[in-house]
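**Student:** Dropping the structure in here first, questions after.
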Amino acid sequence: MLRLTSVVTTYGRTTALHSVSLHVRPGEIVALVGANGAGKTTVLNTISGITPAAKGKVQYGEKDIARMSADRIVRLGISHVPEGRQLFAPLPVKDNLLLGSYTLRHAEKQAHQQEDLQRIYTMFPILKERSEQRAGTLSGGEQQMLAIGRALMARPTLLLLDEPSMGLAPKVMAEIFNAIAEFRNHGLTVLLVEQNARWALKIADRGYVLETGSIVLEGSAEELLENREVQRAYLGKGYREVWE
Amino acid sequence: MTEPVYARKRIMGNLPDILQLLFTGLAVGSIYAIIAVGFTVIFSSTQVVNFAQGEFVMIGALVSYWLVGAEHGPHLPLLLALPLAVLTAMFVGSALGWVLMRPLKDASVTTLIIITVGASMLMHGIASMLWGKDPVSVTAFSKTSGYSLYLPAALTGPDAYPVYIGTQELWVMGLAALIVLLLTFFFNKTMVGKAMRAVSVNRHGARLIGINVSRMVVGAFALSAAIGAIAGAAIAPISMASYGMGTMLGLKGFAAAIVGGLGNFPGSVIAGLLLGIMENFSATYISSQYKDAFAFIILLVVLVISPNGIVALFRRRRARA
Ligand SMILES: Nc1ncnc2c1ncn2[C@@H]1O[C@H](COP(=O)(O)OP(=O)(O)OP(=O)(O)O)[C@@H](O)[C@H]1O
Ligand SMILES: [Mg+2]
């Protein structure tokens, strides 16, 4: 469904990704783990057209989307829940959600918008309670839920998630990861970026390990969870301090 | 007669003057307000202060002058000329927005602001070639030029002047109010308006949900040009129209936008109105020679007291209370 082949992405003179190749099959949850600065966010930004690849191919279905503009990529069915949520802070929660369906055509909006909104409110009831409140006044966990909800309003087939666990208490994290694991039942495919490898691999089917801009390891989630290197680098005891 | 009654008479005797100044000040203030709103629309979606804003006002004035009243013009009815003038300004505005967003999209905000200064000079130059350097007088919107309003003699004494309510001033205020209402509706109730706000509050977030940011910014320039052009067409019958009229109006609108707290929509409107009124009063009671300087004195004073504009000042007061 999504395939990156030898993708190189640069920021000016610095090369953030050196020849990254990975793929995501329909219906899968794929985790992309790695330390700070490994290039995880850059991979997602390259896919969604925010920082286009300098070299290499990004194929989505039959199409090469490597040089497509961000808004066309959203229209193709790829939604991105970014690092730092990037909500519209002064606008009400409800408007943030409705703006999520900005790319839908009129008929599509007529047919699905209200129903989608209700579905998101069922998934995250707190958003319904807060629907008239400004997004900026939400707690971190609520903002993450809103960012996910906003992305879902575009009716994506592939969801890119960038560190949804960032800064969240374990309880809220559990709620969000349960929701992500549920997406599979709705036919949604997920590419999940996480520093918190344990959580990510627990719900994922497969995973990739990214180190300084290159994929150094890939495999099924179980394999990765059992891998010595992964255990030492990303699941070890000292890990918690690193990401908190 | 006792002292206090005499004092009251004297103040009341000035009432027509005061109301007159208030009325004309409000009309000029409405113009400043909508020019300030034009600045706000562009600033909030790009962080660019568009120094060509005043030229949209000039385009609105001169194009509608040419379409309606110019000797060799097509003598169109106003109802047709006004939309055409607005469209012309929107076209120029979109072109400017496009240049800033496409070829120069990686330039810094400072560079973009300087480009708008350049664009302003260019428009200036072109307008002076097309219409010459002499101010032209422009036909008013209505045939009736105004009404004399006599205040009750009990208030003012027997031989006070009436207050003159100019029709064109009424047009100016009405159009300004209409623009403010429509924009409020646009930004709060329509999806495109909300998307434009989304671009202004979080451009990155807006791109991520599939908003075409460049197109939105071009749209913001077009909108802002339209607002400016309406202001220009409306004020021209009062002030005359000339290639250079945009400079001072643009600067005053800019002052109002800053005083209102750059990017603050209600703040711009309030500051524009206040600026027009204060300027008018100070020109009469202090010195008319320094009329244009008052706007900038007010600007400096406000910046010293509250760098984020007057609305921020009120907010802070309320927060403290
Ligand atoms: N806008 C930018 N300009 C220049 N360099 C950048 C930019 N964004 C990221 N980089 C660099 O690219 C590399 C990869 O960054 P990226 O944000 O993709 O890492 P990450 O894996 O998401 O890290 P984190 O876990 O901290 O979010 C880093 O070395 C970073 O400094
Ligand atoms: Mg990151």
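The values are calculated or read from the model by the stated rules, or taken from the named source; none is laboratory data. What you see is a predicted model, and the numbers here were worked out from it, not measured in a lab. In this analysis, Cβ positions are derived from the backbone assuming ideal geometry, glycine residues included, and neighbour counts consider all displayed protein chains. We work out accessible area using only protein heavy atoms, side chains counted, and drop any ligands, DNA or RNA first. Shrake-Rupley method; radii C 1.70, N 1.55, O 1.52, S 1.80 Å.
**Student:** So, in the range A:118-135, how many residues would count as being more than 13 Å from chain B (Cβ to nearest Cβ) and open to solvent by less than 50 Å² (accessible area, probe 1.4 Å)?
**Tutor:** Final tally of qualifying residues: 6.
**Student:** Given (1) within 14 Å of chain A (Cβ to nearest Cβ); (2) among the hydrophobic types (A, V, I, L, M, F, W, C); (3) open to solvent by 40 Å² or more (accessible area, probe 1.4 Å), identify the lone condition not met by B:ALA195.
**Tutor:** Of everything listed in (1) within 14 Å of chain A (Cβ to nearest Cβ); (2) among the hydrophobic types (A, V, I, L, M, F, W, C); (3) open to solvent by 40 Å² or more (accessible area, probe 1.4 Å), B:ALA195 misses just condition (3).
**Student:** Test of understanding: among B:LEU151, B:LEU175, which residue is of a type in the set (A, V, I, L, M), open to solvent by 30 Å² or more (accessible area, probe 1.4 Å) and not in a helix (DSSP H, G or I)?
**Tutor:** Result of the check over B:LEU151, B:LEU175: B:LEU151.
**Student:** Can you tell which of B:ALA283, B:ALA295, B:ALA236 is without any contact (Cβ under 8 Å) to a residue 40 or more places away in the chain, hydrophobic (A, V, I, L, M, F, W, C) and surrounded by 14 or more Cβ atoms within 10 Å (Cβ to Cβ)? Give the steps one after another, and end with the answer.
**Tutor:** Working: B:ALA295 fails: without any contact (Cβ under 8 Å) to a residue 40 or more places away in the chain; B:ALA236 fails: without any contact (Cβ under 8 Å) to a residue 40 or more places away in the chain.
Step by step, each of B:ALA283, B:ALA295, B:ALA236 is checked, and only B:ALA283 is without any contact (Cβ under 8 Å) to a residue 40 or more places away in the chain, hydrophobic (A, V, I, L, M, F, W, C) and surrounded by 14 or more Cβ atoms within 10 Å (Cβ to Cβ).
**Student:** Continuing with this model, one more query. Does at least one position in the range B:102-111 carry a residue that is closer than 21 Å to B:MET129 by Cβ and either free of Cβ contacts under 8 Å to residues at least 40 places away in the same chain or polar (S, T, N, Q) (or both)?
**Tutor:** Looking through the range B:102-111, none of the residues is closer than 21 Å to B:MET129 by Cβ and either free of Cβ contacts under 8 Å to residues at least 40 places away in the same chain or polar (S, T, N, Q) (or both).
Residues checked against (1) in contact (Cβ under 8 Å) with a residue 24 or more places away in the chain; (2) within 14 Å of another protein chain (Cβ to nearest Cβ); (3) aromatic (Phe, Trp, Tyr):
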site	(1), (2), (3)
B:ALA206	no, yes, no
B:PHE221	yes, no, yes
B:MET240	yes, no, no
B:GLY246	yes, no, no
B:GLY250	yes, no, no
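**Student:** Among (1) open to solvent by 10 Å² or more (accessible area, probe 1.4 Å); (2) under 14 Å from the mean Cα position of the chain (by Cα); (3) more than 16 Å from ligand 2 (Cβ to nearest atom), which single condition is A:ILE78 missing?
**Tutor:** So the condition that A:ILE78 fails would be (1).
**Student:** Would you point out which residue out of A:GLU115, A:GLU163, A:GLU142 is away from every other protein chain (no Cβ under 14 Å) and within 16 Å of ligand 2 (Cβ to nearest atom)?
**Tutor:** A:GLU163
**Student:** Filter the range A:70-109 for residues that are facing chain B (nearest Cβ under 7 Å) and among the hydroxyl-bearing types (Ser, Thr, Tyr) and give the result.
**Tutor:** A:TYR102, A:THR103
**Student:** Filter the range A:33-68 for residues that are away from ligand 1 (no atom under 16 Å from the Cβ) and within 15 Å of A:LEU159 (Cβ to Cβ) and give the result.
**Tutor:** A:TYR60 - this is the single residue of the range A:33-68 that is away from ligand 1 (no atom under 16 Å from the Cβ) and within 15 Å of A:LEU159 (Cβ to Cβ).
**Student:** For A:GLN59, state whether it is more than 16 Å from ligand 2 (Cβ to nearest atom) and part of a helix (DSSP H, G or I).
**Tutor:** Spelling it out, it is not the case that A:GLN59 is more than 16 Å from ligand 2 (Cβ to nearest atom) and part of a helix (DSSP H, G or I).
**Student:** Keeping to the range B:282-304, report how many residues are aliphatic (A, V, I, L, M), assigned to a helix (DSSP H, G or I) and either modelled with pLDDT under 85 or within 22 Å of B:ALA27 (Cβ to Cβ) (or both).
**Tutor:** 8
**Student:** Another one. Any idea which of (1) under 25 Å from B:SER30 (Cβ atoms); (2) aliphatic (A, V, I, L, M); (3) not in a helix (DSSP H, G or I) is the one B:ALA107 doesn't satisfy?
**Tutor:** Every condition holds for B:ALA107 apart from (1).
**Student:** Of the residues A:SER6, A:SER48, only one is hydroxyl-bearing (Ser, Thr, Tyr) and away from ligand 2 (no atom under 16 Å from the Cβ); which?
**Tutor:** The unique qualifying residue is A:SER6.
**Student:** Do the conditions hold for B:LEU183, that is, is it touching a Leu at 6+ places or on another chain (Cβ under 9 Å), closer than 21 Å to B:MET58 by Cα, assigned to a helix (DSSP H, G or I) and among the aliphatic types (A, V, I, L, M)?
**Tutor:** Criteria not met by B:LEU183.
**Student:** I'd like to check something: does the range A:18-32 contain any residue that is under 16 Å from the mean Cα position of the chain (by Cα), within 16 Å of ligand 1 (Cβ to nearest atom) and not in a strand (DSSP E or B)?
**Tutor:** no
**Student:** Condition first: within 14 Å of chain B (Cβ to nearest Cβ), surrounded by fewer than 23 Cβ atoms within 10 Å (Cβ to Cβ) and more than 20 Å from A:GLU218 (Cα to Cα). Now tell me which residues in the range A:8-52 satisfy that.
**Tutor:** If the condition is that a residue be within 14 Å of chain B (Cβ to nearest Cβ), surrounded by fewer than 23 Cβ atoms within 10 Å (Cβ to Cβ) and more than 20 Å from A:GLU218 (Cα to Cα), then A:TYR11, A:GLY12, A:ILE50, A:THR51, A:PRO52 are the ones that fit.
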